[in-house]
Protein chains: 4
Amino acid sequence: VKDVQSLIDGRGVKIVRVGVKHVKMPLSVLVKGGGSRRVLGDISLSVDLPHHFKGTHMSRFLEVLEEWGEKLVSSREIESLLEDLRRRLRADRAELWLKFTYFIPGFSPVSQLPGSPGYPSEFHGILDGGNYSFVLGVDVPVMTLCPCSKEISLRGAHTQRAVIRARIRYFPDTFVWIEDLVSSLESLGSSPIYSNFSIDDERRITESSYDTPRFVEDVLRDAVLLLRSDGRIFWFEVECESQESIHNHSAFAWQEEQVPG
Amino acid sequence: VKDVQSLIDGRGVKIVRVGVKHVKMPLSVLVKGGGSRRVLGDISLSVDLPHHFKGTHMSRFLEVLEEWGEKLVSSREIESLLEDLRRRLRADRAELWLKFTYFIPGFSPVSQLPGSPGYPSEFHGILDGGNYSFVLGVDVPVMTLCPCSKEISLRGAHTQRAVIRARIRYFPDTFVWIEDLVSSLESLGSSPIYSNFSIDDERRITESSYDTPRFVEDVLRDAVLLLRSDGRIFWFEVECESQESIHNHSAFAWQEEQVPG
Amino acid sequence: VKDVQSLIDGRGVKIVRVGVKHVKMPLSVLVKGGGSRRVLGDISLSVDLPHHFKGTHMSRFLEVLEEWGEKLVSSREIESLLEDLRRRLRADRAELWLKFTYFIPGFSPVSQLPGSPGYPSEFHGILDGGNYSFVLGVDVPVMTLCPCSKEISLRGAHTQRAVIRARIRYFPDTFVWIEDLVSSLESLGSSPIYSNFSIDDERRITESSYDTPRFVEDVLRDAVLLLRSDGRIFWFEVECESQESIHNHSAFAWQEEQVPG
Amino acid sequence: VKDVQSLIDGRGVKIVRVGVKHVKMPLSVLVKGGGSRRVLGDISLSVDLPHHFKGTHMSRFLEVLEEWGEKLVSSREIESLLEDLRRRLRADRAELWLKFTYFIPGFSPVSQLPGSPGYPSEFHGILDGGNYSFVLGVDVPVMTLCPCSKEISLRGAHTQRAVIRARIRYFPDTFVWIEDLVSSLESLGSSPIYSNFSIDDERRITESSYDTPRFVEDVLRDAVLLLRSDGRIFWFEVECESQESIHNHSAFAWQEEQVPG
């Protein structure tokens, strides 16, 4: 049988990314404090392709993922999967994107009722020649209360769901847990959100968010200051999008920064 | 060339719906007060298929739609398209679903600033033998302010975006405009939403929604009473879904009723 | 503190469904052959509300779900959760919808390479007074090859992804595994789909699908015959939607049947 | 009334983007050959915010858009809207993103039946100080037939829907029509797709796609060569994603290039 993919290609175009997208599979992720948690992964995987080959061998990606399914996913583990992929496909560059929802157990503020909100999370690993880089991402829902609405009105102030989306890169000899990133970011809105609470919690949340009005600009600035001041982080991108309850559109603020060494 | 679709099928299974889904095309819809408006339609179209035919002729659906593109879409016009489709495909039953966003010009409550929010809308026509029935649907975003949060707290109360989704059937000799359905339903939340407003509007909206707290149950009950009392309507389905700003999930209430003749 | 939800409501409207939507949480589902599998659930939960109560207690839903998180989800287990919910909220009727992706290990047809495609699945339980009913749903992707394209062309025939969506109700003293439903349905297209395969598998799949051309009408009719002939099933709804590779829209066929006792 | 947004902010953080997202409104776009077409726009709009201001005035964005609604949207028009926005909000930088579906009338290859497929399109304008840059994007669906499947099989070859996503920047004194970009790109798959056709068209499409097998790598390379050789274009990003009919995931290839001056 002829190996069509290995045929010579005469067009002279090297391709940066060739691979598979949206492979769904369950995986295990390390949990802060020990142990692991099963997550549902949406995985994309690519390599570069030298100009003289007609195609890549797409089934190798699935082989590699199939073998990988039983391991714990981490930055380290992604690096070794990308090494393996580079070797098998004789590529210079290999990349992986993994999206999943990560559930973190927590408690309501007054009654301490248990609940585990889910946070959309993302790992992105790039192995280019000998250089490995890793991006950690998480989307943190919060509640925001509008400072302008509060200031100008005799009573009340509109609130809404907002999402803080952070992507960070940290130094290779350090480590940032999803749990810690979520817990720092969710304190930046007018209130965190909860999956379950009592009437005492609801009162506390209502009053404390009324006492802490926040524009998207406020949330973003505090997120920038927080991420700048974390010695482990050398690059970040952060956005706050507020799904305005009085509009059918969103307000947003966005920033990307390289932290000066 | 052989007509594969007209071959005899021996399995003896009559099919209720065979057709096309998600055909995108621009169309014109009648506007209350005169004139028409271009909308972007997502159209599905089906007929039934007698047990002895192997397949329907899918290209006929597109022919019919292509010819239809220049006309104004209305309940009447959908009936005549379905008549045409039944004839061309020798079917007993024909159905059309049309989804589109309908923009309605309006003004902010105090400063009278103009704005045109878009409302996801739907027409569904069924021609079965000689009987024609038509369903009109619209999704109306509103703001809700939680009565419990207000009652138990010394200050503030959480608000959020909610959507009232209504589907109605009205008597053939009557007519209901999307504009009227939207304007009745959007008065049932704690406040309508606006695409644009001034600081004076924001104050009015904040205070009046604080004065009008509404659970999803409240919105639903008032919607039920409103739809029951409209002599033109003989069936409806209505839902209110509130995207809670303090949770990452929604609260909802739902009802379907046949209005007694 | 005042219990706003328990206030008397004077509007006289009983509500059929009041509850929460889109609560995300991980759960465990029984696996055919023994053991269980973690899935990521999207859960909605409702009760009815007597006309004289102003609101339901939304936090009870979360309490019930939180306690339930560690158990195995099954039709039986959903019935007892709904019993519990009815009791706690003094309701007549309680309903649960659970959506999740279910991964089923399998092998490629020739080389026997392992792979675990994910199938969007759904449980819907209704407890109304003393009557419990349960609906099992699954979406099964297949490949279809167009009979018309094959018949009229000297070479080739277009193929595409299609999805068979089945919802079934079976008699209370019987049981239907997702695994069995998937495996019967995925044999009805021109070919099943695979997450991983070799060149020998690809040849087999290409040739056998060319030898088995199938319209959406063919897939639907065979699905109807299959479901009708299963003595355990007394109601079903089934659809085949084919994402035509030569069009930007889909072709579909749909049927709902009550199997005569 | 106090202007909360104009308060002094002491955190010292300049923000790159503050604005609104997902404002929906109908707009008109110029058509090649003359005239214009109504489209449904999804608009985002932002400015930068100096470190000393607490917030931007979100309602100004809506004012600007409301006034703009009647004009024809083009690269030139977006530049002048951004100039206006910069002036009103005293900002250095302003950006606009506009997404819409653009319908292009065409004909089937043999029978010349009319049809108007819709192409997801995008304009992105950035005005930074005195520098204006503009990105044009379009997603073009095509059909691909797998070269490997054809080569190894005695009969048939699997085909599927693929999408070519291109984003380009062209020199300010030149112009690229969406119509021309679509028509160049859709010739790069195994076949264009059509909304409507006859049996003669279907035969031609089936046979000619069988004669033109294309990997995602092939489509991408030809797209790269096409875009490189267009003297008007100085930057592009292009992806081909193929929704494999034999898998439940996609294959893809991606490239970004600055064309050397």
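Mind ranking D:166-176, B:219-229 by how tightly packed they are, going by the mean number of other C-beta atoms within 10 angstrom, highest first? Intermediate results must be reported in sequence, preceding the final value.
Details: D:166-176: 15.5, B:219-229: 19.5.
For the peptides D:166-176, B:219-229, the packing ranking is B:219-229, D:166-176.
Across peptide C:79-89, how many C-beta atoms of other chains are within 10 Å of each residue C-beta, on average? Write out the running numbers ahead of the final one.
Values: counts 0, 0, 0, 0, 0, 0, 0, 0, 0, 0, 0.
Partner Cβ neighbours, averaged per residue: 0.
With only Lys, Arg, Asp and Glu charged, each at its Cβ (+1 for the first two, -1 for the last two), find how big the charge dipole of the range D:4-68 is about the Cα centre; round to the nearest 20 debye.
On the way: 10 positive and 6 negative charges, 49 e Å.
So the dipole magnitude of the range D:4-68 works out to roughly 240 debye.
Which whole-number percent gives the relative contact order of the range D:207-261, counting Cα pairs below 8 Å spaced six or more residues apart?
Numbers: 61 pairs, mean separation 19.5, N = 55.
Result for the range D:207-261 is 36 percent.
Determine the total buried accessible area between chain B and chain C, counting protein heavy atoms only with a 1.4 Å probe; round to the nearest 100 Å².
Numbers: alone 14310 and 14310 Å², together 24290 Å².
Result for this pair: about 4300 Å² buried.
Report relative contact order for chain D in percent, whole number only (criteria: Cα-Cα under 8 Å, sequence separation at least 6). Walk me through the intermediate numbers first.
On the way: 541 pairs, mean separation 36.9, N = 261.
So the answer I get is 14 percent.
With the label 7 angstrom out along Cα to Cβ, how close does B:Asp211 come to the same site in each of the other copies, in nm, nearest first?
So the distances to the same position in the other copies read 2.9, 7.6, 7.8 nm.
For an R0 of 35 angstrom, estimate the FRET efficiency from the Cβ-Cβ distance between D:Ser198 and B:Lys71 and round to the nearest 0.05. Write out the running numbers ahead of the final one.
Details: r = 24 Å, r/R0 = 0.67.
Efficiency, from the Cβ-Cβ distance: 0.90.
Once Lys and Arg get +1 and Asp and Glu get -1 on their Cβ, which of D:Phe134, D:Leu27, D:Leu89 lies farthest toward the positive end of the dipole of the range D:1-135?
Farthest towards the positive end: D:Leu89.
If you find the alpha carbon centre of the range A:211-241 and of the range D:1-69, how far apart are they in angstrom?
The distance from the Cα centre of the range A:211-241 to that of the range D:1-69 comes to 21 Å.
Just to confirm a number: summing +1 for Lys and Arg and -1 for Asp and Glu over residues other than A:Pro147 whose beta-carbon lies under 9 angstrom from that of A:Pro147, what do you get? Let's see the in-between values first.
On the way: positive: A:Lys150, A:Arg214, D:Lys54; negative: A:Glu151, A:Asp218.
Once all neighbours under 9 Å are counted, the net charge is +1.
For C:His57, what residues show an amide H to amide H distance below 5 Å, using hydrogens built from the backbone and excluding near sequence neighbours?
none
Place a +1 charge on the Cβ of each Lys and Arg in chain C and a -1 charge on the Cβ of each Asp and Glu, then give the dipole magnitude about the Cα centre in debye, rounded to the nearest 20. Please report the intermediate quantities before stating the final value.
Numbers: 31 positive and 37 negative charges, 165 e Å.
Approximately 800 debye in magnitude.
Within the set of other residues whose C-beta is less than 14 Å from the C-beta of B:Pro26, count the net charge using Lys and Arg as +1 and Asp and Glu as -1.
Details: positive: B:Lys24, B:Arg37, B:Arg38, B:Lys71, B:Lys99, D:Arg37, D:Arg38; negative: B:Asp42, B:Glu66, B:Glu70.
Result for the neighbourhood of B:Pro26: +4.
Per residue of C:24-35, how many C-beta atoms from partner chains lie within 10 Å of its own C-beta, taken as a mean?
Details: counts 10, 8, 8, 0, 1, 0, 0, 0, 0, 0, 0, 0.
Mean shielding by partner chains, rounded to a whole number: 2.
Translational D (Stokes-Einstein, µm²/s) of the range B:51-199 at 10 °C and 1.306 mPa s when Rh comes from the Kirkwood sum over C-alpha pairs?
Details: Rh = 18.5 Å.
Result for D is 86 µm²/s.
Mean residue ellipticity at 222 nm from the helices of the protein assembly as shown, using -39,500 (n - 2.57) per DSSP H segment of n ≥ 4 over the full residue count, to the nearest 500 deg cm²/dmol? All intermediate terms of the calculation are to be shown ahead of the outcome.
Values: 24 runs with 259 residues, N = 1044.
When only DSSP H runs of four or more count, the value is -7500 deg cm²/dmol.
Between helix A:75-88 and chain A, what is the angle of the helix's C-alpha long axis to the longest principal axis, kept within 0 to 90° and rounded to the nearest 10?
That helix lies at roughly 20 degrees to the long axis.
Magnitude of the Cβ-charge dipole of the protein assembly as shown, K/R +1 and D/E -1, about the Cα centre, nearest 20 debye? Show your work: numbers first, answer last.
On the way: 124 positive and 148 negative charges, 0 e Å.
The calculation lands at about 0 debye.
Can you work out the FRET efficiency for the pair B:Asp211 and B:Ser133, with r the C-beta to C-beta distance and R0 = 30 Å, to the nearest 0.05? Intermediate results must be reported in sequence, preceding the final value.
Details: r = 41 Å, r/R0 = 1.37.
Working from the Cβ atoms, E equals 0.15.
Looking at chain B as a GNM with Cα springs under 10 Å, which of B:Glu217, B:Glu237, B:Glu151 has the largest mean-square fluctuation?
B:Glu151
Convert each backbone phi in the range A:214-229 into a coupling constant with the Karplus relation 6.51 cos²θ - 1.76 cosθ + 1.60 (shift: θ = phi - 60°), then list the ³J(HN,Hα) values in order as whole Hz, x for Gly and Pro.
So the J values, rounded to whole Hz, are 9, 6, 4, 5, 5, 4, 5, 4, 5, 5, 4, 4, 4, 6, 4, 8.
Hey, can you grab everything whose amide H is under 5 Å from the amide H of D:Val142? Only 5+ residues off in sequence or another chain; H modelled, so Pro and N-termini drop out.
The list, which skips near neighbours in sequence, is D:Ala162, D:Val163, D:Ile164.
For chain C, report the % of Cα-Cα distances exceeding 22 Å.
On the way: 21390 of 33930 pairs.
Of all Cα-Cα pairs in chain C, 63 percent lie more than 22 Å apart.
Which is farthest toward the positive dipole end of the range A:121-194 among A:Phe175, A:Ala162, A:Phe123, measuring Cα position about the Cα centre, with Cβ charges +1 (Lys, Arg) and -1 (Asp, Glu)?
A:Ala162
Given a 1.4 angstrom probe, I'd like the percentage of the accessible area of the protein assembly as shown that is carbon and sulfur, rounded to a whole number.
On the way: 20060 of 39220 Å².
Of the solvent-accessible surface of the protein assembly as shown, carbon and sulfur hold 51 percent.
Taking every Cα atom in the range A:132-261, find the radius of gyration and the maximum pairwise distance Dmax, and write them in Å.
Every Cα atom of the range A:132-261 included, Rg and Dmax give 15.9, 56 Å.
For the range A:41-160, what does the relative contact order come out to in percent, with C-alpha contacts under 8 Å and a separation of six or more?
Details: 176 pairs, mean separation 25.3, N = 120.
Here the relative contact order equals 21 percent.
Given the whole protein assembly as supplied and a 1.4 Å probe, what does the accessible area of C:Glu67 come to in Å², nearest 10?
110
Can you list residues whose amide H is under 5 Å from C:Gly118's amide H, if they're 5+ apart or on another chain and H is modeled 1.01 Å from N?
none
Could you name the aspartates and glutamates whose alpha carbon sits less than 12 Å from that of C:Lys32, not counting residues in the same chain fewer than 8 places away?
C:Glu179, C:Asp180
Rounded to whole Å and sorted largest first, what semi-axes of the equivalent ellipsoid does the C-alpha gyration tensor of the protein assembly as shown yield via the square root of 5 times each eigenvalue?
After diagonalising the Cα gyration tensor, the semi-axes are 42, 37, 33 Å.
Round to the nearest 0.05 the FRET efficiency obtained for A:Arg11 and D:Glu257 when R0 = 25 Å and r is the Cβ-Cβ distance. If you can, show how the numbers build up before the last one.
Numbers: r = 14 Å, r/R0 = 0.56.
Once rounded, the FRET efficiency stands at 0.95.
Find out how many positive minus negative residues lie around D:Ser44, taking Lys and Arg as positive, Asp and Glu as negative, among other residues whose Cβ is under 13 Å from that of D:Ser44. Present the calculation step by step, with values, prior to reporting the outcome.
Numbers: positive: D:Arg17, D:Lys21, D:Lys24, D:Lys99; negative: A:Glu239, A:Glu241, D:Asp42, D:Glu95, D:Glu122.
Cβ neighbours under 13 Å give a net charge of -1.
What does the average come to when, for each residue of peptide A:166-177, you count the partner chain Cβ atoms lying within 10 Å of its Cβ? Write down the numbers at each step before the final one.
On the way: counts 0, 0, 0, 0, 0, 0, 0, 0, 0, 0, 0, 0.
Mean shielding count: 0.
Highest mean first, what order results for D:243-255, C:106-118 on Cβ atoms within 10 Å?
Packing order, densest peptide first, comes out as D:243-255, C:106-118.
For D:Thr206, tell me the accessible area in Å² from a 1.4 Å probe, rounded to the nearest 10.
Only protein atoms counted, so the area is about 10 Å².
The values are calculated or read from the model by the stated rules, or taken from the named source; none is laboratory data. Given the structure is predicted, the values throughout are model-derived calculations rather than measurements. When we count neighbours, we look across all protein chains shown, and the Cβ atoms used for this are built from the backbone with ideal geometry, even at glycine. Each accessible area value is taken on the protein alone, full model and side chains, heavy atoms only, with ligands, DNA and RNA left out. Shrake-Rupley method; radii C 1.70, N 1.55, O 1.52, S 1.80 Å.
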